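Below is one structure, written out as structure tokens; the observations come after it.
The values are calculated or read from the model by the stated rules, or taken from the named source; none is laboratory data. Here the structure is a predicted model, which is why all the values come from computation and not from measurement. We place every Cβ from the backbone using ideal geometry, glycine too, and count neighbours over all the protein chains shown. Note: areas computed on protein heavy atoms with side chains; ligands, DNA, RNA excluded. Shrake-Rupley method; radii C 1.70, N 1.55, O 1.52, S 1.80 Å.
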Protein chains: 2
Amino acid sequence: MTGTPMGSLTVIGLGPGPDRWLTPEVADVVAHSTDLVGYGPYLDRIPHSAFHRRHGSDNRVELSRARLALDLAVSGRRVALVSGGDPGVFAMASALFEALESGGDPAWAEVPVRVCPGVSAMLAAAARVGAPLGHDFCVLSLSDNLKPWDLVLKRLRLAAEGDFVIALYNPISKARPWQLGAALDTLRTLKAPATPVVLARAVGRHDEDVTITTLADCDPATADMRTLVLIGSSQTRLLPKGGDGDVWVYTPRSYTAVGDR
Amino acid sequence: MTGTPMGSLTVIGLGPGPDRWLTPEVADVVAHSTDLVGYGPYLDRIPHSAFHRRHGSDNRVELSRARLALDLAVSGRRVALVSGGDPGVFAMASALFEALESGGDPAWAEVPVRVCPGVSAMLAAAARVGAPLGHDFCVLSLSDNLKPWDLVLKRLRLAAEGDFVIALYNPISKARPWQLGAALDTLRTLKAPATPVVLARAVGRHDEDVTITTLADCDPATADMRTLVLIGSSQTRLLPKGGDGDVWVYTPRSYTAVGDR
């Protein structure tokens, strides 16, 4: 210890995109931080200011990013560790605790840490199309970078057996081009072809692109790394909107066909 | 049709409690609404104003509340249909689409409807204790008002078999006093006794009460209808905080014991 006063570390989520989904708490943390640490494209969403030092990094270096944030906090800086969406769902909060647990500088244990929730991508995607997550659901990352693919398939099978609605994060990337197709193929053996599927890309942003399709017709090439995939349960339904031929997607609260209620 | 101009209906979520988790979008919707429709305690969280007519109702009348909101919109009012947390997770958005689908006034189909996401209770509870939802998870309502209890048990068994983290909404109420105990008993036959369990009551509010315990020790009487229950996977871990004997709860991103990484 050098006598430098200890800083702090706050893990924040910016929400899926526009400022209208950024909580006042997170806006306040950003305003009072000296250092912003995160994936470059997320940091780019925060207006530049002379008061912030920015530490942008590439994708897939979450652990070193967390360590940098801890080092900065130990050196006295007020650090915001920035995620998109919610920081606790396949994002930086777990990476931070992994870094803390794996050790490094013993002073890390003294850093005051706080996690601030945000609107997660699945909630924004669901709201955009209606209420597909209105009944029991499962949330999975399709990335097999950090878990065996067999575990992904097992969980998909169990989620289908339980007739959960399924939300898929990280469905596809240049380095993982086949996983979404394989996941859909597995689900096609277990669920009805007409099951509604939503591919919600960049919801709330200028390049938003939302496709409502079926399990039979879903083309994995329509998705990219910014797409959130929602797959209905047997109860998930389409409801025509007034006028324009568009539809809502929703899952009723009760587990009975609407006609039987 | 009487010639009255059509109003609008926006389904909003206030977040789990304090204004710091209320999105700017939702604050804007509230400010521009003429009518607020919702469960009384949620409406009570919105400051009174001469510009709003308030239509508070009791719990468990979601469908009639949705119909009232539609009728008001048809009559030309700008209506906010208010949930706590996120409106799409066991909340009013699904009830609204059920009302729309079940029909009523044919003019309902012409109402412009929008759903605005919010910070859900599970995300706030998770952030409060660390990052328990940092890996694949399932979200279930324990209420058997609208689905058979056998389905709840089946889903709990499948979630345990898949080693998902589990988030339970509506764990207990005066009318449903035994369901959480029964759910925990089922999970105890399938998961390790030391599995971390979080009982997060009224997170972010003045009467917040958070208990971190284990599956073996969890006392269902500690929960009430305002409690969100989080049950870890085999990977979910406790990490001591610096100093005060308190702990973080988190689930690593990778599916391997930390020591093996």
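General remarks:
- When the pairs A:Lys154/A:Lys174; A:Lys147/B:Lys154; A:Lys191/B:Lys147; B:Lys174/B:Lys241; A:Lys154/B:Lys191 are compared against a 27 Å limit on Cα-Cα distance, B:Lys174/B:Lys241 fall above it.
- Teacher prompt: B:Asp105 distances to equivalent labels in other copies, 7 Å Cα→Cβ, nm: 6.3
- Computed from Cα positions, the angle between helix A:92-102 and the longest principal axis of chain A comes to roughly 50 degrees.
- A simple spin-label model places pseudo-atoms 7 Å from Cα toward Cβ; at A:Asn59 and A:Met225 they are separated by 0.2 nm.
- Cα gyration tensor of chain A - equivalent ellipsoid semi-axes, whole Å, descending: 38, 20, 16
- Rounded accessible area per residue of the protein assembly as shown, 1.4 Å, Å²: 39
- For the peptide B:13-20, the mean number of other protein chain Cβ atoms found within 10 angstrom of a residue's Cβ is 3.
- For the stretch A:8-119, the convex hull drawn through the C-alpha positions has a volume of 85 cubic angstrom per residue.
- Neighbouring partner chain Cβ atoms per residue of B:64-75, average, 10 Å criterion: 0
- Taking the DSSP bridge list for the stretch B:122-260 and keeping only pairs wholly inside it, about 75 percent are antiparallel.
- A:Glu101-B:Thr214 pseudo-label distance in nm [points 7 Å out on the Cα-to-Cβ vector]: 1.6
- Carbon plus sulfur fraction of accessible area for chain A, probe 1.4 Å, in percent: 53
- Contact order for the stretch B:8-119, expressed relative to its length and based on alpha carbon pairs under 8 Å spaced 6+ residues apart, stands at 43 percent.
- Fraction of antiparallel bridges per DSSP, the stretch B:8-119 only, in percent to nearest 5: 5
- Antiparallel beta bridges, as assigned by DSSP with both residues in the protein assembly as shown, represent about 45 percent of the total such bridges.
- Residue-by-residue Karplus 3J(HN,Hα) for the stretch A:23-32, coefficients 6.51, -1.76, 1.60, Hz, glycine and proline x: 6, x, 4, 5, 4, 5, 4, 4, 4, 9
- Neighbour-limited loop hits for trypsin sites (Lys or Arg not before Pro), the stretch A:45-129 (at most 14 other Cβ within 10 Å; DSSP other than H, G, I, E, B): A:Arg60
- Label sites at B:Leu146 and B:Asp244, each approximated as a point 7 angstrom past Cα along Cα to Cβ, lie 3.8 nm apart.
- Label distances, nm, B:Thr214 versus same residue in remaining copies, Cβ-directed 7 Å point: 5.0
- Dividing the convex hull volume of the alpha-carbon atoms in the stretch A:149-246 by its residue count gives 102 Å³ per residue.
- Protein-protein interface of the stretch B:218-245, residues with accessible area decrease of at least 10 Å², isolated chain reference, 1.4 Å probe: B:Arg237, B:Leu239, B:Gly242
- Note: relative contact order over chain B, using C-alpha pairs below 8 Å and six or more positions apart, is 19 percent.
- Angle between chain B longest axis and helix B:62-74 axis [Cα atoms, degrees, rounded to 10]: 30
- Peptide-level mean, for B:146-152, of C-beta atoms on other protein chains within 10 Å: 3
- Note that the protein assembly as shown carries a Kirkwood radius of 23.3 Å, evaluated over its alpha carbons pair by pair.
- The B and A chains share an interface that buries close to 5900 Å² of accessible area, total over both sides, probe 1.4 Å.
- Rounded to the nearest 10 degrees, the inclination of helix B:179-188 to the longest alpha-carbon principal axis of chain B is 30 degrees.
- Position A:Ser64, label points 7 Å along Cα→Cβ, spacing to each other copy in nm (shortest first, one decimal): 6.2
- Accessible surface comparison of B:Phe137, B:Phe51, probe 1.4 Å, protein chains only, largest first: the order is B:Phe51, B:Phe137.
- Normalising the average separation of contacting C-alpha pairs (under 8 angstrom, six or more residues apart) by the number of residues puts the relative contact order of the stretch A:122-260 at 29 percent.
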